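A.B. asks: To start, I am sharing the structure in question, which I have written as structure tokens.
FYI, it's all coordinate maths here, none of it is from the lab. The model shown is predicted, which means the values in this text are computed figures rather than measured ones. Cβ placement follows ideal geometry from the backbone for every residue including glycine, while neighbour counts extend to all protein chains displayed.
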Amino acid sequence: MEKQQFECMTLCPLDGRYAGIKEALGEYFSEYALTKYRVYVEVQWLKFLIETMDDAILARFDRADMPKIEAIANQFDYNAFKAIKEIENVTRHDVKAVEYYIGDALKALGYDYLISFVHIGCTSEDINNTSYACMIRDGLYNVWLPRAKELADIVDGYAVQYKDAAMLARTHGQPATPTTIGKEFKVYAYRMKQSIAHIESIAIKAKFNGATGTYSAITTAYPQIDWPMMSRKFVEEYLGVTFNPLTTQIEGHDYVCHILDGIRHFNNVVCDLDVDMWLYISMEYFKQIPVAGEVGSSTMPHKVNPIRFENSEANVELSNNLCVGLSNKLPKSRMQRDLSDSSSQRNLGLAFGYSMQAISETKNGLAKCVVNYDKLASDLNEKWEVLAEPIQTMLRKYGVPDAYDTLKALTRGKNISREDILKFAEGLDMLSEEDRQTLVNMTPASYIGKAAELAVLEL
């Protein structure tokens, strides 16, 4: 089946319309990926036992040959996946199929004596939770975080580029103290980077302690060994994630919830930017660069629609709904284990994927936008009443008790001209000449405080 034919029949747009996301995340969150990581964990466990245990059977293995065993995982491909799925058709158990596959591979290598040590002391969830931990770590750090950081850096770049671009700000949708486009971008860059830092601070955890978290089976076979210590060593040194010492059969998924909540928060910052950009475009503060051949409306030829920001907003909501749903479900399990988390976890890739699509749409939307300086200047020049704030603040400096009310009477609900403001400022005889000239010379475009400096702060 050709690519387009396949994509047109998918139920999930991440597999079809947005297939680029699948190509980026498929190595980490697909059924293929889960199987690959299961093989990796089982092979690492066998390697760990060979390298750390004092056992007569394991001692028969020449450690110089370890690359041969590691190759079972390192050379995993679609043929290996297919072979495991054929075994699963018989076993009706996905993890057991992996165990049997590795056993067959060891037999082919001439290491029959090692087969009994594959999966020894393990319950399926020891393999599953560690596999998911590695999948989430790699998908997060290799794909999602770089995309999120790229967007944050792009926004930060706009902050510097437009640090001096004075803009009429709006609070409650009404004209407010002017700012700069750069400073407003800086706020978003800071929020994004703070959100990213929070996600990076979350420890990715895994357990390796048997059927009910007690190490019972492996302790029965090897009572002289400190298995909590050994499990920690395996999880942290051989798998590269953080050990969770206290669990039932399943790792509690709390860290997964924290990561999903972090992604959801980042999504919401992106969506906040999307909505603001949509509004600024509608106000003509930004122009969108037309793309040759692109159609904005099927009936209105003049239109250049802000569809990237709209698409981003939609994908944010999809990602967020999945993040919330998974965060609500994953921490809950009946007694020591039920399987409800198993089906839920298979949707982790969708939560990451829709977030990445939102990031991509926002990035592409920003790339089409240029500042409309003429419109910025025009709007500022029509709103001289925004200078009521600095004038009343200056009057407060001189102890004028009714400064606010005076300026309120002058400006509230009115369109005040430059001449009106100038006349009022020139009549403030109680001010020093320097302070009075400050007000006389002030314009809405110059009343930006420290905005330009804030826009270039190092984050």
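A.B. asks: Lys and Arg at +1, Asp and Glu at -1: add these up for the other residues within a Cβ distance under 15 Å of residue 59 and post the number.
C.D. replies: -2
A.B. asks: Write down the percent of antiparallel bridges among all DSSP beta bridges whose residues are both part of the chain, to the nearest 5.
C.D. replies: 80 percent
A.B. asks: In whole Hz, with x marking every Gly and Pro, tabulate ³J(HN,Hα) for segment 162-169 from phi via Karplus 6.51 cos²θ - 1.76 cosθ + 1.60, θ = phi - 60°.
C.D. replies: Those phi angles translate into 10, 4, 9, 7, 4, 9, 6, 7 Hz.
A.B. asks: List the equivalent ellipsoid semi-axes of segment 318-459 in whole Å, largest first, each obtained as the square root of 5λ for an eigenvalue λ of the Cα gyration tensor.
C.D. replies: After scaling each eigenvalue by five and taking roots: 55, 21, 14 Å.
A.B. asks: If you don't mind, there's one more thing I want to ask. Along each principal axis of its Cα atoms, how long is segment 221-292 end to end? Whole angstroms, biggest number first, please.
C.D. replies: That works out to 74, 26, 16 Å along the principal axes.
A.B. asks: Moving on to the next point. Using only the alpha carbon atoms of segment 304-394, find the Kirkwood hydrodynamic radius as the inverse mean reciprocal pair distance, in angstroms to one decimal. Show your work: numbers first, answer last.
C.D. replies: Details: mean 1/r = 0.0579 Å⁻¹.
Radius from the Kirkwood sum: 17.3 Å.
A.B. asks: What is the Rg over Rh value, at two decimals, for segment 161-238, using alpha-carbon atoms and the Kirkwood definition of Rh?
C.D. replies: Value, to two decimals: 1.52.
A.B. asks: Restricting to Cα pairs below 8 Å that are 6+ residues apart, what does the relative contact order work out to for the chain? Please round to a whole percent.
C.D. replies: Normalised by residue count, the contact order of the chain is 17 percent.
A.B. asks: How would you order 341-354, 23-36 from highest to lowest mean count of nearby Cβ atoms within 10 Å?
C.D. replies: Packing order, densest peptide first, comes out as 341-354, 23-36.
A.B. asks: Using only the Cα atoms, what convex hull volume per residue in Å³ does segment 383-450 have?
C.D. replies: Values: hull volume 5.7 nm³, N = 68.
In segment 383-450, the Cα hull volume divided by residue count equals 84 Å³.
A.B. asks: For residue 408, which aspartates and glutamates qualify as cross-link partners when the Cα separation must be under 12 Å and same-chain residues fewer than eight apart are set aside?
C.D. replies: 385, 389
A.B. asks: If contacts are Cα pairs under 8 angstrom and at least 6 residues apart, what is the relative contact order of segment 3-120 in percent?
C.D. replies: Across segment 3-120, relative contact order equals 23 percent.
A.B. asks: Then there is this: Quick one: compute the contact order of segment 383-450, relative version, from alpha carbon pairs under 8 angstrom and 6+ residues apart, as a percent.
C.D. replies: Computed over segment 383-450, the figure is 42 percent.
A.B. asks: Mean residue ellipticity at 222 nm from the helices of the chain, using -39,500 (n - 2.57) per DSSP H segment of n ≥ 4 over the full residue count, to the nearest 500 deg cm²/dmol?
C.D. replies: Roughly -19000 deg cm²/dmol at 222 nm, from the helical runs in the chain.
A.B. asks: Residue-wise, which Karplus ³J(HN,Hα) couplings in Hz belong to segment 360-371, taking 6.51 cos²θ - 1.76 cosθ + 1.60, θ = phi - 60°, and x for glycine or proline?
C.D. replies: 4, 5, 5, 4, 5, x, 5, 5, 8, 9, 10, 5
A.B. asks: If Rh is defined by the Kirkwood formula over all Cα pairs and Rg also comes from Cα, what ratio Rg/Rh do you get for segment 3-120?
C.D. replies: 1.09
A.B. asks: Here's another thing I want to ask about it. Give, in whole angstrom and from largest to smallest, the semi-axes √(5λ) of the equivalent ellipsoid of the chain, with λ running over the eigenvalues of the Cα gyration tensor.
C.D. replies: Details: eigenvalues 748, 132, 58 Å².
Output for the chain: semi-axes of 61, 26, 17 Å.
A.B. asks: A follow-up question, please. Restricting things to alpha carbons, find the Rg to Rh ratio for segment 73-186 using the Kirkwood radius for Rh.
C.D. replies: Working: Rg = 26.9 Å, Rh = 19.1 Å.
Ratio of gyration radius to Kirkwood radius: 1.41.
A.B. asks: Right, another one. Under the rule of at least 5 residues apart or a separate chain, name every residue whose amide H is placed under 5 Å from the amide H of residue 369.
C.D. replies: The answer is 289.
A.B. asks: Still on this structure, please answer the following. Output wanted: per-residue J couplings in Hz (rounded whole) for segment 72-80, from phi through Karplus 6.51 cos²θ - 1.76 cosθ + 1.60, θ = phi - 60°, x for Gly and Pro.
C.D. replies: Each residue of segment 72-80 in turn: 4, 8, 5, 9, 4, 8, 5, 5, 5 Hz.
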